[in-house]
Amino acid sequence: MHVAMTITAAALAMTMGCGPPGWEVMSAPDVHETNAMATVESFVATNGWDMSMTPFDFAFGVTNPPVLRGLPWQRFKNREYPALTHGGILYVALKRFHHDVIGVAYNPKTNVFDRSVVGFKPLADHWYVWTTTDEPVQLTKKYEDAQ
C-alpha cells in the first residue's frame, strides 16, 4: 500500500509541472583520489564529445548508449549507468521513468546544455545534476559561477 501511494504521489507531482521528483537532491562528487576521473576520461576518449543528437535520447530509447562504470561518487562508483555525450557534455542517466531522466553531467568547459535538459545545477568540479522530461515545466537552470 505504501509503495502504491509513493508511486501515485510521484506521478501526481510530475503531472502538476514539478518535474521529476527529487532531481535537485544530489551531492557533489566524493571520490577525490588521483584516478577518480580515469573512467570518465577513458569513456570520452573512446566515444568523443558528441556521440548523440540529444540527451533526450535516454528518455525515448532512441539509442542504446554504452554504460559507464566508475563515477566519482562512493555510492555510484561500482555501478554501471548508461552514458552519452552531446555538445561537449557527458550525460549519465542515474534514474529513468517513462520519459523522465535524472542524472549527472560532466561539463568541463561550461558548454550550453541542450534545450531538452529542462533543469540543471552545478554540484562541484564541473559536475551537474540534470533532468529532462516531456512535461511542460520550468525548473532551475544554473551554470557554474552564476550568481
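The values are calculated or read from the model by the stated rules, or taken from the named source; none is laboratory data. Since the model is a prediction, treat every value here as computed from it, not as a measurement. Cβ coordinates were reconstructed from backbone atoms using ideal geometry, including for glycine residues, and neighbour counts include every protein chain displayed.
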Quick count over segment 85-120, residues being under 13 Å from Val44 (Cα atoms) and part of a loop (DSSP other than H, G, I, E, B), is 4
Practice prompt. Report yes if Tyr106 is among the hydroxyl-bearing types (Ser, Thr, Tyr) and in contact (Cβ under 8 Å) with a residue 40 or more places away in the chain, otherwise no.
Written response: yes
Hey, any hits in segment 129-147 for a residue that's under 18 Å from Trp49 (Cβ atoms), in a loop (DSSP other than H, G, I, E, B), touching a Ser or Thr at 6+ places or on another chain (Cβ under 7 Å) and at pLDDT 90 or above? yes
Checked pairs for segment 136-147, first surrounded by 10 or more Cβ atoms within 10 Å (Cβ to Cβ), second of a type in the set (Gly, Ala, Ser) and part of a loop (DSSP other than H, G, I, E, B), C-beta under 9 Å and 6 or more apart or across chains, list as Val137/Gly17; Val137/Gly19; Leu139/Gly19
Exercise. So is Asp100 over 13 Å from Trp127 (Cβ atoms) and surrounded by 21 or more Cβ atoms within 10 Å (Cβ to Cβ) or not?
Worked result: yes
If we ask which residues in segment 62-84 are more than 22 Å from His32 (Cβ to Cβ), touching a helix residue (DSSP H, G or I) at 6+ places or on another chain (Cβ under 6 Å) and assigned to a strand (DSSP E or B), their number turns out to be 0
Across segment 26-48, the tally of residues that are assigned to a helix (DSSP H, G or I) and hydroxyl-bearing (Ser, Thr, Tyr) stands at 3
Checked segment 106-147 for anything polar (S, T, N, Q), closer than 24 Å to Leu68 by Cβ and in contact with a strand residue (DSSP E or B) (Cβ under 7 Å, 6 or more places away or on another chain); matches are Asn107, Asn111, Ser116, Thr131, Thr132, Thr133
